[in-house]
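Here is the structure we will look at, set down as structure tokens.
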Amino acid sequence: MGAVYALERLARDSPRDQPTIDEVLATFVRTSAPHRHLSTLLSGYTSEPCPDQRPSPDVQAALTVLARRDVNHDNGATLDLSDTCLRKVHLPKAQFDRVDLRNSDLTRADLSGAHIVEAILINTRLDETDLRGAKLIHSRIMRAGLDNAWTDIRVRARCYEYPGVPDPSPAQLLERVVSKFCMEDQ
């Protein structure tokens, strides 16, 4: 874990190295907490559901560092955390701009107050996740599991930037609008 926090200090001291450091930490998370889902099953892997436990301390530390990075130094790079088991991860007020969480399991995670901009949340499990106060802006949400998620999230989707179209309630947006209308627009 010391190496993870040393990388965070290095990224702060050398902003031009931040995208590389972010990729190293994201790769560490993907290889340490992989989620094998149906598409990998077809490739011959055995299916193992995500364990119903918190990520290991080193994975949690890497995610914490990634969640508090200065996104202004990302140079527009997407943070790839796809295909990961992140159940019960604790990331309140996470800064998850341009993060790819496709096919990931964040069941019972704490993402309260998270800032999630231009994220990819396709086939993402967010069941029983704390999303109170989270802001999802221009994020792609399709086939996401949101059963019993705690929400009062503030959502603004690309399809609602047209004049004369009122902002929907978060429930309306998550239930019908994002997956149907916003994705057709892309």
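Computed values, structure above
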{"item": "Qualifying residue in the stretch 80-91 (condition: within 18 Å of Ser139 (Cβ to Cβ), of a type in the set (S, T, N, Q) and modelled with pLDDT of 95 or more)", "result": "yes"}
{"item": "Criterion (open to solvent by 20 Å² or more (accessible area, probe 1.4 Å) and among the acidic types (Asp, Glu)) met by exactly one of Asp110, Asp97", "result": "Asp110"}
{"item": "Failed item, numbered, when Asn72 is tested on (1) crowded, with 22+ Cβ neighbours inside 10 Å; (2) part of a helix (DSSP H, G or I)", "result": "(1)"}
{"item": "Filtered residues of the stretch 119-165 (kept if of a type outside the set (A, V, I, L, M, F, W, C), surrounded by fewer than 19 Cβ atoms within 10 Å (Cβ to Cβ), modelled with pLDDT of 70 or more and farther than 26 Å from Asp52 by Cβ)", "result": "Lys135, His138"}
{"item": "Pair list, Cβ under 6 Å, 6 or more apart: the stretch 67-88 residue at positive phi and without any contact (Cβ under 8 Å) to a residue 40 or more places away in the chain, other residue open to solvent by 50 Å² or more (accessible area, probe 1.4 Å) and part of a loop (DSSP other than H, G, I, E, B)", "result": "Lys88/Arg54; Lys88/Arg108"}
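The values are calculated or read from the model by the stated rules, or taken from the named source; none is laboratory data. Given the structure is predicted, the values throughout are model-derived calculations rather than measurements. As a convention, Cβ positions derive from the backbone with ideal geometry for all residues, glycine included, and neighbour counts pool all protein chains shown. We work out accessible area using only protein heavy atoms, side chains counted, and drop any ligands, DNA or RNA first. Shrake-Rupley method; radii C 1.70, N 1.55, O 1.52, S 1.80 Å.
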